Amino acid sequence: MMNKFRDINPQTAFLIIGLIYGLGFLIATPAFQVPDEYEHFYRSLYVSEGHIVPEKLGNLSGVYVPESVKFTSDTVNQEWYTFLQDRDNKTNLAPLLHLPFNSKNMVFEDISRIAVITYSPVPYLVSAFAIDLGKLFNLAPLVLMYIGRLANLLVWIFLTYLAIKITPVHKWVFFMLALLPMTIFEAASLSADSFLLGISFLIIAIFFKYAFDDNKKRIGFKEVYILGILLLLVGLAKSNYILLLFLIFLIPAQKFGNRKNRILVTGSLFLVVVAVVGIWNLIVNGLYAPIIPQVSISGQIIYLLGDPFRFPYLLINTFISRGLSYQFLFVGNFWLDIPLPTWWLGFYLITIIPVALLDKSMVNITKNQKLISAATFILNAIIACALVYITWTPVGQNVIDGIQGRYFIPIFPLLFLLLYKIRDFKNYYEKIDSNKLVIKDKPVIKIVHDNLNPILIAYVVIFLSITLSIFIFDYYI
């Protein structure tokens, strides 16, 4: 029995743990309390009605939703505001479970102040389909919200399962990053980030397979087509992640035939993806109106172009002054204001490092490939910060407002690749004095190495159990 548990593969372990704790977070997270979940719900509903682009109504931008949806969201918002002001006032949302959906009477909901207004329908297709099925039975809007959450969770689990199965390296790193509390929190919600997290991990895994799997001798039309579709999907989920395309330089040129072919494929993919994403951005141009009056997208761009060397200073100043908050939001700061203990977060992050170092994969990765992976991470992170600065920060401010550590989760597997095989730990225990740290005549380090899988699984389960308990306690008690 122990041998079977010891040999469990990471994708199967993820499938079980992800489903159990995904459902736990789905149920434990109060309705609409994931960031911007009201707006994500409206977009899912709108897509389920067959609409693609939000509407413009005078100076407002938004979508039409049934009165029952508006009543549900207003009631939930008021109930939770009252509860947070006084925890003795318990919420009572039970009547909303019996409120018919009834789409006859529609009202316009302005969501122009949230960037969600500019998102394409791609990250909402799955939740929209599930919601559409629920509408056939005239289910309550609150019930539809949970159905949409469940659909997103299942798709995220499926995409991440494929990613872990496909990648030839750092399977357990993917496993641990996928089971970060914040990852599960977002995945088990109506947020567009649920789809983004799954599709980005899958793209990275496929690039790793094409680059590092010696059995993959040639990159042909089929492989390029797969990359193109996935890059389009991730670009239409959040446009800055199309820069994952640069991972194509991980793939040896000879797999394309020669360097010229690789450049040709890269250029073609770049032009197609940028064209499609660009067209979408042109379609939704003018819908977003920043909630902060001092924010001006055009003004911020002009400001940066006038002093292009100022942006590196802004980045450094922001991470020095607010770097710790990104750690919170990376591992788990739920609803943006329920932090886990700092040491608890840091310990989980640190434990991913030995997992990356002790990876048992046999693939060969060059220093240049590691640098390309790290450079792609840095480039994506910088562009993400630049977009936040342009769309969310007052013109000329010396720190960037609105950066959240969760923005970096979709690309974090790229950074850990730097740690792959920096030292050969195979049979490292044989170099240690066997008379020290032994149990039943076996060195402790060998016992740990041989049982790393069950130890890692047990650790993640314990960590998530305690984290979920803290989450529930802070919310409800």
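The values are calculated or read from the model by the stated rules, or taken from the named source; none is laboratory data. For clarity, every value in this text was computed on a predicted model and none was experimentally measured. Glycine gets a Cβ as well: all are built from the backbone with ideal geometry, and neighbour counts include every protein chain shown. All accessible areas refer to the heavy atoms of the entire protein, side chains included, with ligands and DNA or RNA removed. Shrake-Rupley method; radii C 1.70, N 1.55, O 1.52, S 1.80 Å.
Part of a loop (DSSP other than H, G, I, E, B), at pLDDT 85 or above and of a type in the set (S, T, N, Q), is that true of residue 364? For residue 364, the condition - part of a loop (DSSP other than H, G, I, E, B), at pLDDT 85 or above and of a type in the set (S, T, N, Q) - is met.
Report yes if some residue within the range 41-49 is closer than 20 Å to residue 187 by Cα, of a type outside the set (Ser, Thr, Tyr), touching a Pro at 6+ places or on another chain (Cβ under 6 Å) and at pLDDT 90 or above; otherwise report no. Within the range 41-49 (the criterion being closer than 20 Å to residue 187 by Cα, of a type outside the set (Ser, Thr, Tyr), touching a Pro at 6+ places or on another chain (Cβ under 6 Å) and at pLDDT 90 or above), the answer is yes, since at least one residue qualifies.
Which ones in the range 78-102 are of a type in the set (Ser, Thr, Tyr) and open to solvent by 60 Å² or more (accessible area, probe 1.4 Å)? Once the filter is applied, which keeps residues that are of a type in the set (Ser, Thr, Tyr) and open to solvent by 60 Å² or more (accessible area, probe 1.4 Å), the range 78-102 yields only 81.
Out of 209, 222, one residue alone is assigned to a helix (DSSP H, G or I), among the charged types (D, E, K, R), within 18 Å of residue 417 (Cα to Cα) and over 13 Å from the mean Cα position of the chain (by Cα). It is 209. In the set 111, 131, 164, 117, only one residue is closer than 18 Å to residue 15 by Cβ and buried (at least 19 other Cβ atoms within 10 Å of the Cβ); that residue is 164. Looking for something at pLDDT below 85, part of a helix (DSSP H, G or I), open to solvent by 10 Å² or more (accessible area, probe 1.4 Å) and of a type in the set (Ser, Thr, Tyr) - is there at least one such residue anywhere in the range 59-77? Looking for residues that are at pLDDT below 85, part of a helix (DSSP H, G or I), open to solvent by 10 Å² or more (accessible area, probe 1.4 Å) and of a type in the set (Ser, Thr, Tyr), one finds none in the range 59-77, hence no. For the range 390-433, the set of residues classified as at pLDDT 85 or above, in contact with a Lys or Arg (Cβ under 6 Å, 6 or more places away or on another chain) and surrounded by fewer than 22 Cβ atoms within 10 Å (Cβ to Cβ) consists of 418 only. In the range 123-141, the qualifying residues are those that are among the aromatic types (Phe, Trp, Tyr) and part of a helix (DSSP H, G or I), and the one that is farthest from residue 52 (Cα to Cα) is 129. Checked against (1) under 18 Å from residue 253 (Cα atoms); (2) among the polar types (S, T, N, Q); (3) in a helix (DSSP H, G or I), residue 194 passes all but a single condition, namely (1).
From the list 352, 383, the one residue that fits, being modelled with pLDDT of 90 or more, open to solvent by 30 Å² or more (accessible area, probe 1.4 Å), among the β-branched types (Val, Ile, Thr) and in contact with a helix residue (DSSP H, G or I) (Cβ under 7 Å, 6 or more places away or on another chain), is 383. For the range 107-122, the tally of residues that are hydroxyl-bearing (Ser, Thr, Tyr), under 19 Å from residue 196 (Cβ atoms) and either assigned to a helix (DSSP H, G or I) or modelled with pLDDT under 95 (or both) stands at 1.
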